[in-house]
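Structure record follows, encoded as structure tokens.
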Amino acid sequence: MELTRLPFLKSALKNRYPQLAVFIVMLVGYIFAILAGLIGTPVGSHNFSIVFVWIAWWAILILVAVPFFGRGWCAVCPIPLPGEWLQRGAVLSPPDKRPKWLNLRVPKMFRNIWLQNIFFLMLALFSSVLLTTPNVTGIVLAAMLFAAIGLSIIFERRAFCRYLCPVGGFIGLYSQTAPIELRIKDKQVCVTCEGKPCYNGSQVGYGCSWDVFPGGMTKNTYCGLCMECIRTCPHDNIAVNLRPFSADVAKPTARLDEAFKAFIMFGAAMIYAGVLLGPWGTLKDAAYNVGTGAWFIYAAVFLAIIFIVLPGLFTLAIMTTKSKQALKQRFMSLSTALIPLGLMFWVAFSLSFVLTNASYILAALSDPLGLGWNLFGTANAAWRPMLTTILAPAQTLALVVGLFWSARTAQKVNEAGTSTIPVFVYCFVATSIMLWLLL
Amino acid sequence: MKRPELISRILIVTGILLAIGAPLLLWARTPLIHARMAENGGWNPDVIQAEAGKSLHLKLTSDDVVHGFAVGQMDMQSVDVIPGKVTDITLTFDKPGIYTFFCTRWCGLNHWRMRGTIEVSGSPLDPEPASVPLYVSLDLDIDAPHDSSIIPNQKPSAVSGQQLATQLPITSYQSPDYYRSHSPYQVFTDLSDTSLTESQKWDAVAYLWQSNTTPESLANGKELYAQNCAACHSENGAGDGVFADDLAEAGEASMQTMEGAMDMVMQSPVDFTDPRRMLGASPALLQGKILRGGMGTGMPMWGVIFTEEQIWDLIAYIYSFQFEYEK
Amino acid sequence: MSYRFALLLLVMAGLVVAFAPLPVQPITPQERTFEIDAHQFAYSPSELHVNPGDTVTIQLVSTDVVHGLYVDGYDISVEADPGQSATLTFVADKPGSFRFRCKVTCGAMHPFMIGKLTVGTNDWLYRSIGFSLLAIFAFFRFPRVAKD
């Protein structure tokens, strides 16, 4: 269903002001979160930056934005705003096409998501500190903002978002399952279109900031929903569609960086469920005490699970069936099956974490800087886990749906036509482990 | 530049400046007293200025775990200092001087090191001469061994002792001055010219100790003990509290911080259930130990914290590990 | 086997997995006491097993800073200072597995200071694994539905 047929929505997307207004509000909130992290109370569970980033934002991102809107978060994320202003020399007015800064193309070897994978893993290994220490969260938020500004000056388009943002990597991966897509309406129009303003920019707008040519787009992965092409397309050939869930994962992954991204996210969800939500204090100590011997062991095991154990077992599983297709090819395409299940792992993990700690949001709202304010009368709201009775059924539901969804995906992406039972078994075992960790 | 572009830029810049400026300004204008575990810095600031007769407003917050706040030797309810929250408190000091404030909720092995001072200025209205503690006026060496050479076979019972009291002229022993300056063992030997059996003598001692305190004092002492002593000396007095092991491990490190105390042997928390040790100690001796502290052993100095009355209550309670009192 | 019939079977199988009573040996409820050490950021022991109907007493002993213990599902809690252990007594009348967590902010990793109380067997885990199996079988029975 084409959403852009709705006149209200279409004009809201074509017009720059609504998005800019959201950007400004988000940027103010983002900078406030950085400051709250740096000068607010050092107590994580009461600090605005921790509570708003890791409880409120995370809940919205993983439970709502990604599953239902794909890269919807990227459409309103304020991180690229300052850099883009510098890069374009304007906030609104479309170009004057002369490049303001270096405007280099990102070197070919970096034009993949390995840097995102690495950046994500770097944060993941420090996650226990990052999640609980306001200073660290503040510094990381600020670093991302400055990295985006720096890269905007050196490279063309949104180099940070596309190639470095640790969050963007998995949002892109899981946005393939979302029921929202931005696509062209008629391929023929693009073929004959002169100058391709959607990619190169025109008098009315900028070229794709995500370095994607909409005419050739088949997956959500790298479309940041910046809406620029809706503004620039001279033929009104761009649509935002409502579609069945997981339409993109019917197309097998064909890149190793994306395949490994699936394993990274899949494994990280399981490790977090065990370390953060499990009853094992030694693991938590190891994860938190960065720099100690125990932490190095934790980091090594973390990386080994993600890069060796999980992909290794997966490879062994799919080797049990014979196929003419090259193993690497099958590994990549069948790894697509882990995408829906991985998303549901994160949903199940986050449900527990978010529902348990959601009551901190009220207190942090009333006293965001920890100065003893009581803006909304909720500063003394007591901590109390929410909805504990429906948590376990909800987690089971998410995981079982994820498993079914993955089985279906495996069937669809199985180009070789061999049995997909090994993938089913792999997913079933992983789901059982996740159930055991969470329930 | 077109007008919409200009307005947008102004909006963005204003937003950024507001998001940075407003929190910084408000933050700078709200001075807080931060509480941290002693090993991470303790109180900050740890010296507070005040004026006698004028009220002092303090905003307290904790940066890590639950702490508490109270001023020593002052009749005040301690307040909790909760992580991430701000506790408001107003104090008024009648007399100038240097007061000690301290943490009232156990926050780790070094909890008791978490102290600071409030310097109250003003003219002294009626300078009171400081009273000399009993252990000083008795000239007791509180570090000398003081073991009781005879110990009872079972816990002496104050109830049995009370029955004997009517038959015996022990009322002379009941004055507070006598009680405070004698150890149970000394009283036991003072009773040697009576016709009592050994265990009867111990029962009489127990009764004597009970008659020098009140149920209220014991309850008060019990509460003080639970809050301040039990973490090391244990809830049952046996000296194996939750920090006893940590103290032994941290022993050397904590001793090096004490000037000139390097030759002292690290001691584990005293076992109040040990009759040899406790029956040989007079209330005055215990007062000295509590007032002065253990000098490098990990036993805090409580002189600036407890009032004299609180210390006597605490001592009365500590003896209850030795004696069976009336319930 | 018609499509509808298979669907009906599947739903029924689902209901069986969800609600079928599992064999339970009758166990006379007993009183159980656990002494739990709480320290940054773990409980020891951190996993408790009791039988449904047992009267459970938890003696919470904090060994560094003030900690608490809140039992998910039962919505009860207790708080202990070092040197002042506290007890929590309740009847374990809800079967299943429950997290218990610290309720007094006790440092950075406080939100993750977690233990686990299992009352009886963790039926829901086995039922959930049953659902997972069912999901896979359902997939084989309805390949066409699944494939469209």
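The values are calculated or read from the model by the stated rules, or taken from the named source; none is laboratory data. Predicted model, so just to flag it, every value in this text is computed and none were measured. We place every Cβ from the backbone using ideal geometry, glycine too, and count neighbours over all the protein chains shown.
Filter region A:391-419 down to the residues that are part of a helix (DSSP H, G or I) and either among the polar types (S, T, N, Q) or over 26 Å from the mean Cα position of the chain (by Cα) (or both) and list them by number.
Listed by number, the residues that qualify are A:Gln395, A:Thr396, A:Ser406, A:Thr409, A:Gln411.
Take region C:65-75 and flag every residue that is under 16 Å from the mean Cα position of the chain (by Cα) and at the interface with another protein chain (Cβ under 7 Å from one of its Cβ atoms).
Result: C:Asp72, C:Gly73.
Just one of A:Tyr30, A:Tyr17 is within 12 Å of another protein chain (Cβ to nearest Cβ), of a type in the set (Ser, Thr, Tyr) and either more than 24 Å from the chain's Cα centre (by Cα) or surrounded by fewer than 19 Cβ atoms within 10 Å (Cβ to Cβ) (or both); which is it?
So the residue among A:Tyr30, A:Tyr17 that is within 12 Å of another protein chain (Cβ to nearest Cβ), of a type in the set (Ser, Thr, Tyr) and either more than 24 Å from the chain's Cα centre (by Cα) or surrounded by fewer than 19 Cβ atoms within 10 Å (Cβ to Cβ) (or both) is A:Tyr17.
What's the number of the only condition in (1) away from chain B (no Cβ under 14 Å); (2) modelled with pLDDT of 90 or more that C:Met113 fails to meet?
Here C:Met113 clears every test but (1).
So which residues in region A:254-274 are in contact (Cβ under 8 Å) with a residue 60 or more places away in the chain, within 14 Å of chain C (Cβ to nearest Cβ) and more than 18 Å from C:Ser97 (Cβ to Cβ)?
A:Tyr272
Residues are listed down the side, and each one gets a yes or a no for (1) on the phi < 0 side of the Ramachandran plot; (2) under 18 Å from the mean Cα position of the chain (by Cα); (3) crowded, with 21+ Cβ neighbours inside 10 Å:
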site	(1), (2), (3)
C:Thr63	yes, no, yes
C:Ser77	yes, yes, no
C:Phe90	yes, yes, no
C:Asp93	yes, yes, no
C:Cys106	yes, no, yes
C:His110	yes, no, yes
C:Leu117	yes, yes, yes
C:Leu125	yes, yes, no
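Restricting attention to region B:84-100, does a residue exist that is buried (at least 17 other Cβ atoms within 10 Å of the Cβ), free of Cβ contacts under 8 Å to residues at least 24 places away in the same chain, within 9 Å of chain A (Cβ to nearest Cβ) and in contact with a helix residue (DSSP H, G or I) (Cβ under 9 Å, 6 or more places away or on another chain)?
yes
Tell me, which helices (runs of 4 or more DSSP H) wholly within region B:150-237 include 3 or more residues that are surrounded by fewer than 20 Cβ atoms within 10 Å (Cβ to Cβ), touching a residue at least 24 places away in the same chain (Cβ under 8 Å) and within 20 Å of the chain's Cα centre (by Cα)?
Passing ranges, in order: B:215-228.
Determine whether region A:111-126 contains at least one residue that is within 14 Å of another protein chain (Cβ to nearest Cβ) and more than 30 Å from B:Arg3 (Cβ to Cβ).
Looking through region A:111-126, at least one residue is within 14 Å of another protein chain (Cβ to nearest Cβ) and more than 30 Å from B:Arg3 (Cβ to Cβ).
Taking region B:55-73 only, how many residues are assigned to a loop (DSSP other than H, G, I, E, B) and either touching a strand residue (DSSP E or B) at 6+ places or on another chain (Cβ under 7 Å) or within 12 Å of chain A (Cβ to nearest Cβ) (or both)?
Counting residues in region B:55-73 that are assigned to a loop (DSSP other than H, G, I, E, B) and either touching a strand residue (DSSP E or B) at 6+ places or on another chain (Cβ under 7 Å) or within 12 Å of chain A (Cβ to nearest Cβ) (or both) gives 4.
Search region A:368-383 for residues being in contact with a Phe, Trp or Tyr (Cβ under 9 Å, 6 or more places away or on another chain) and either in a helix (DSSP H, G or I) or free of Cβ contacts under 8 Å to residues at least 60 places away in the same chain (or both), and hand back the single one that is farthest from B:Ala35 (Cα to Cα).
Among residues in region A:368-383 that are in contact with a Phe, Trp or Tyr (Cβ under 9 Å, 6 or more places away or on another chain) and either in a helix (DSSP H, G or I) or free of Cβ contacts under 8 Å to residues at least 60 places away in the same chain (or both), the one farthest from B:Ala35 (Cα to Cα) is A:Ala381.
I need a count of the residues in region C:83-107 that are outside any strand (DSSP E or B) and more than 8 Å from chain B (Cβ to nearest Cβ).
Qualifying residue count, region C:83-107: 6.
Out of all the residues in region A:356-371, is one or more modelled with pLDDT of 90 or more, within 14 Å of chain B (Cβ to nearest Cβ) and closer than 27 Å to A:Ile305 by Cβ?
yes
I'd like the residue in region B:265-323 that is closer than 23 Å to B:Asp139 by Cβ and among the aromatic types (Phe, Trp, Tyr) and, out of all such residues, is surrounded by the fewest Cβ atoms within 10 Å (Cβ to Cβ).
This residue is B:Phe306.
Taking only pairs six or more apart or across chains, which ones have beta-carbon atoms under 8 Å, a first residue in region B:16-37 that is more than 7 Å from chain A (Cβ to nearest Cβ), and a second residue that is of a type in the set (Phe, Trp, Tyr) and not in a helix (DSSP H, G or I)?
If the second residue must be of a type in the set (Phe, Trp, Tyr) and not in a helix (DSSP H, G or I), the pairs left are B:Ile33/B:Trp43; B:His34/B:Trp43; B:Ala35/B:Trp43; B:Ala35/B:Phe69; B:Arg36/B:Trp43.
Criterion first (surrounded by fewer than 22 Cβ atoms within 10 Å (Cβ to Cβ) and in contact (Cβ under 8 Å) with a residue 40 or more places away in the chain) does C:Pro23 satisfy it?
no
Any idea how many residues of region B:1-51 are closer than 26 Å to B:Leu91 by Cα, among the basic types (Lys, Arg) and exposed (fewer than 14 other Cβ atoms within 10 Å of the Cβ)?
Adding up the residues that qualify gives 1.
One residue is enough: does region A:57-67 have a residue meeting the conditions on the phi > 0 side of the Ramachandran plot and either surrounded by 23 or more Cβ atoms within 10 Å (Cβ to Cβ) or in contact with a Phe, Trp or Tyr (Cβ under 8 Å, 6 or more places away or on another chain) (or both)?
No; the residues of region A:57-67 include none that is on the phi > 0 side of the Ramachandran plot and either surrounded by 23 or more Cβ atoms within 10 Å (Cβ to Cβ) or in contact with a Phe, Trp or Tyr (Cβ under 8 Å, 6 or more places away or on another chain) (or both).
Residues in region A:243-259: is at least one buried (at least 20 other Cβ atoms within 10 Å of the Cβ), touching a helix residue (DSSP H, G or I) at 6+ places or on another chain (Cβ under 7 Å) and farther than 30 Å from A:Arg330 by Cα?
No, there is no match, as no residue in region A:243-259 is buried (at least 20 other Cβ atoms within 10 Å of the Cβ), touching a helix residue (DSSP H, G or I) at 6+ places or on another chain (Cβ under 7 Å) and farther than 30 Å from A:Arg330 by Cα.
Among the listed residues A:Thr232, A:Thr221, which satisfies the condition of being within 30 Å of A:Tyr272 (Cα to Cα) and buried (at least 20 other Cβ atoms within 10 Å of the Cβ)?
Every option except A:Thr221 fails the conditions.
Does at least one position in region A:179-194 carry a residue that is surrounded by fewer than 21 Cβ atoms within 10 Å (Cβ to Cβ), under 23 Å from A:Arg105 (Cα atoms) and not small (Gly, Ala, Ser)?
For region A:179-194, residues surrounded by fewer than 21 Cβ atoms within 10 Å (Cβ to Cβ), under 23 Å from A:Arg105 (Cα atoms) and not small (Gly, Ala, Ser): present.
Within the group B:Ala281, B:Ala316, which residue is touching a helix residue (DSSP H, G or I) at 6+ places or on another chain (Cβ under 6 Å), under 23 Å from B:Ala158 (Cα atoms), at pLDDT 80 or above and away from chain C (no Cβ under 14 Å)?
Just a single option satisfies the conditions, and that option is B:Ala316.
Run A:Gly89 past the list (1) out of contact with any helix residue (DSSP H, G or I) (no Cβ under 9 Å at 6 or more places or on another chain); (2) away from every other protein chain (no Cβ under 14 Å) and report the number of the one that doesn't hold.
A:Gly89 satisfies every listed condition except (2).
Identify the single condition in (1) more than 14 Å from chain B (Cβ to nearest Cβ); (2) part of a strand (DSSP E or B); (3) of a type in the set (A, V, I, L, M, F, W, C) that C:Ala80 does not satisfy, given that it satisfies every other one.
(1)
Taking region A:397-419 only, how many residues are among the polar types (S, T, N, Q) and surrounded by fewer than 23 Cβ atoms within 10 Å (Cβ to Cβ)?
Of the residues in that region, 4 qualify.
If I filter region A:144-157 for residues that are closer than 22 Å to A:Ile264 by Cα, in contact (Cβ under 8 Å) with a residue 24 or more places away in the chain, within 14 Å of another protein chain (Cβ to nearest Cβ) and surrounded by fewer than 23 Cβ atoms within 10 Å (Cβ to Cβ), do I get at least one hit?
no
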